[in-house]
Amino acid sequence: MKFSPEKLSIPDRRMQPFIDPGEIWSFINKTKADKVRVREIISKSLAKQRLTLEETAALVNAAGAGLTEEIKEGARELKQRVYGNRIVLFAPLYVGNKCTNNCRYCGFRASNAEAIRKTLDDGEIVKEVEALEDNGQKRLILVYGEHPSYSPQYIAHTVKLVYGVKKGNGEIRRVNINAAPLDIEGFRTVGASGIGTYQIFQETYHPDAYRQYHLGGKKRDYDWRLTALDRAQEAGIDDVGIGALFGLYDWRFEALALVRHTNHLEACYNVGPHTISFPRIKDSTSLQLDKQHELNDEDFKKMIAILRLAVPYTGLILTAREAPGVRKEALQFGVSQIDGGTKLELGSYSDTQNEAQDLNREQFKIADSRSLADVIDELLDSGYLPSFCTSCYRMGRTGEHFMEFSVPGFIKRFCTPNAILTLAEYICDYATGETAVKGWKVIEQNLDKLDPDVAGDTRIKIDKIKAGARDLYY
C-alpha cells in the first residue's frame, strides 16, 4: 500500500526536501549520553526498533572507549540476531564514465582532462559479464556517469543485456543500478527492465557543503538529488539504496542525515532504504581536497556500529575502497554486503593482460584488490556464510513485502538456507579443493542451526545441486 496522507491526516511530505541542518546540529550539540542512556538505546535496538534522531545522536556523542565498545558489542549482537552470519557478495561493473557534472572529489568530473572517457559497447559488456560469471558472480551493480548518453532507455537496455548473458552455469540474477537521478517516467522505464536496487548517494547532506563540492552540471541541484528516491518510489521502484561520501563534511552530521533520510522514506512510503552505503574519500586523478573532515578508522567503525543499531533491518554495504583489514573488522559491527574481485577500470574484468590500477581510467582508487575467491576464502575462515542469494527480489519480497518478512525476524528462515544453496553452487562450479573443503564445513555448521524440517529440505536441494540442478531457492 502506498502512502496516503488523507488517511493519516498529516501533510504530504513526498518529493519535498526534508533535511534541516539546524535540526540535525541541534541534536548533535544538545544530546548527552551516559552509560545508562546508551544501554537503554542499545536495548531498544536489540528489540529490533529503529532509533530516533535523538537516540542516534546520543550514540554519536557517547564518549570513551568503554561506551564505544558497548555500542560495537550491541551492533554485533543485533547483526547476529537479524542477519545471522551471512555476508552477501556482489561486484560493480562500470558501463561508462562520461559525465557532465563537475564534482571536486570525483575522477569522472567533466573538468578532468586527464580522464580517459569510455562507454562499453554491447560486445564489451557481454565480455565483462562473462568474465564476472567465470569467477562465480551472481549479483552486479551497474555504474554510469551522469551524461545524456546514459538515458533511461540506455540503462534499461544494458540491464536486459546483462541478464541475457549465460556462460556455462554462470548467470547474473540481480542487477542493481548506481546512476543519475531521473524523473518519474525515467525511473519507470528503468524499473521495467527488472532491476533490483536503484542506488543514489547524496554525497553530503549538508546543503552549503554540497554547493562547495558540486561546481557544475545537473548534480549541482541539491534538492533534485535529495528527492530522487521519492520519485523512484512514485515510479514503483520500492527497493532503493542511500549513501553518503564520508570525508566531505562532519561524519556525525552525515550519520544522522542518513537516519533522517530513512525516517522520511518510511513515513512517506512505509518502507525504508534496502541498503545504506558509507564510502570514504579515496584518491582519484587531480583530487584536491583538504582533510578537514577526514574520518579515521576508529570513528569509521563506531559510525558503522551506530548505523546498524539505528536501522536494524537495512543492509549495510562496505566496498573495496577500504583495506582488507578494515573490512574484516567492520564486518563484525553490522556490514551485511561487500564486493569481491572488484575492478573499476572500464573493460578490466575481461582484460587479463593489465592488472595494474590506472587512476586515469577509474573513478577512485580501491584498497582491496583481492579476487572473489580470496575474499570468500577469508569469509569462510572467519566463520561467515558467503551468499549470492537473490530470492527476495525474484519472489517479490521487496519494499513493504520485504519489511513484512524481515521485521518479525522471518528473514533468517529464507536467507540462511538460500545462502547455503548459493554457496553450494559456488563450491560445485568455481571453488578450488581447499576452499571447497572449507565451504562444505561451513554449510554443515549452518545446516545444524536450522529447523530440522528446513535443514532436511535444504539437504535435498543440495543433493540436486551436486547432481547438476541450479538456481534452487526458497
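When Glu185, Glu114 are screened for being over 30 Å from Ile427 (Cα atoms), surrounded by fewer than 16 Cβ atoms within 10 Å (Cβ to Cβ) and at pLDDT below 95, only Glu114 passes.
Being at pLDDT 95 or above and either more than 22 Å from Tyr205 (Cα to Cα) or surrounded by fewer than 18 Cβ atoms within 10 Å (Cβ to Cβ) (or both) narrows it down to one of Leu331, Leu258, Leu289, Leu265, so name that one. Going through Leu331, Leu258, Leu289, Leu265 in turn, just one is at pLDDT 95 or above and either more than 22 Å from Tyr205 (Cα to Cα) or surrounded by fewer than 18 Cβ atoms within 10 Å (Cβ to Cβ) (or both): Leu331. Residues that are of a type in the set (Asp, Glu) and under 20 Å from Ser111 (Cβ atoms) within region 217-237 comprise just one, Asp221. Evaluation of Val95 against the conditions (1) within 26 Å of Val375 (Cβ to Cβ); (2) touching a Leu at 6+ places or on another chain (Cβ under 6 Å); (3) not assigned by TED's automatic domain parsing to the domain that holds Tyr150 shows that the sole unmet condition is (3).
Restricting Arg81, Arg109, Arg50 to those that are part of a helix (DSSP H, G or I) and basic (Lys, Arg) reduces the list to Arg81.
Among the listed residues Ile116, Ile125, identify the single one that is under 17 Å from His157 (Cα atoms) and of a type in the set (A, V, I, L, M, F, W, C).
Ile125
Just one of the numbered conditions (1) polar (S, T, N, Q); (2) closer than 24 Å to Lys118 by Cβ; (3) at pLDDT below 95 is not true of Ser350: (3). Of the residues making up region 128-174, those that are of a type in the set (Ser, Thr, Tyr) and either touching a Pro at 6+ places or on another chain (Cβ under 7 Å) or in a loop (DSSP other than H, G, I, E, B) (or both) number 3.
Filtering region 175-200 to residues that are within 14 Å of Leu93 (Cβ to Cβ), touching a Leu at 6+ places or on another chain (Cβ under 8 Å) and outside any loop (DSSP other than H, G, I, E, B) leaves Val175, Asn176, Ile177, Asn178. Applying the set (1) part of a loop (DSSP other than H, G, I, E, B); (2) free of Cβ contacts under 8 Å to residues at least 60 places away in the same chain; (3) more than 26 Å from Gln337 (Cβ to Cβ) to Trp224 leaves exactly one unmet item: (1). May I ask you to verify whether Glu355 is assigned to a loop (DSSP other than H, G, I, E, B), modelled with pLDDT under 95 and over 18 Å from the mean Cα position of the chain (by Cα)? Here the answer is yes, as Glu355 does meet what is asked.
Is there a residue being touching an Asp or Glu at 6+ places or on another chain (Cβ under 8 Å), touching a residue at least 12 places away in the same chain (Cβ under 8 Å) and either basic (Lys, Arg) or more than 27 Å from Cys392 (Cβ to Cβ) (or both) anywhere in region 181-203? Checked against the condition, which is being touching an Asp or Glu at 6+ places or on another chain (Cβ under 8 Å), touching a residue at least 12 places away in the same chain (Cβ under 8 Å) and either basic (Lys, Arg) or more than 27 Å from Cys392 (Cβ to Cβ) (or both), region 181-203 yields no hits at all.
Sort out which residues of region 135-189 are among the charged types (D, E, K, R) and either out of contact with any Ser or Thr (no Cβ under 9 Å at 6 or more places or on another chain) or closer than 23 Å to Glu203 by Cβ (or both), and write them in order of number.
Step one: list which residues in region 135-189 are among the charged types (D, E, K, R), which gives 138-139, 146, 160, 166-167, 171, 173-174, 183, 185, 188.
Glu146, Lys166, Lys167, Glu171, Asp183, Glu185, Arg188, listed by residue number.
Does Gly468 meet the test of being at pLDDT 95 or above, among the small types (Gly, Ala, Ser) and assigned to a loop (DSSP other than H, G, I, E, B)? Here the answer is yes, as Gly468 does meet what is asked. Restricting attention to region 430-450, the residues being assigned to a helix (DSSP H, G or I) and either small (Gly, Ala, Ser) or under 14 Å from Ile376 (Cα atoms) (or both) number 11. Of all residues in region 20-47, those satisfying the criterion of being crowded, with 16+ Cβ neighbours inside 10 Å, aliphatic (A, V, I, L, M) and in a helix (DSSP H, G or I) are Ile24, Ile28, Val38, Ile41, Ile42, Leu46.
The values are calculated or read from the model by the stated rules, or taken from the named source; none is laboratory data. Everything numeric in this text was worked out from a predicted model, so none of it was measured. With ideal geometry, Cβ positions are generated from the backbone for all residues, glycine too; neighbour counts draw on all protein chains shown.
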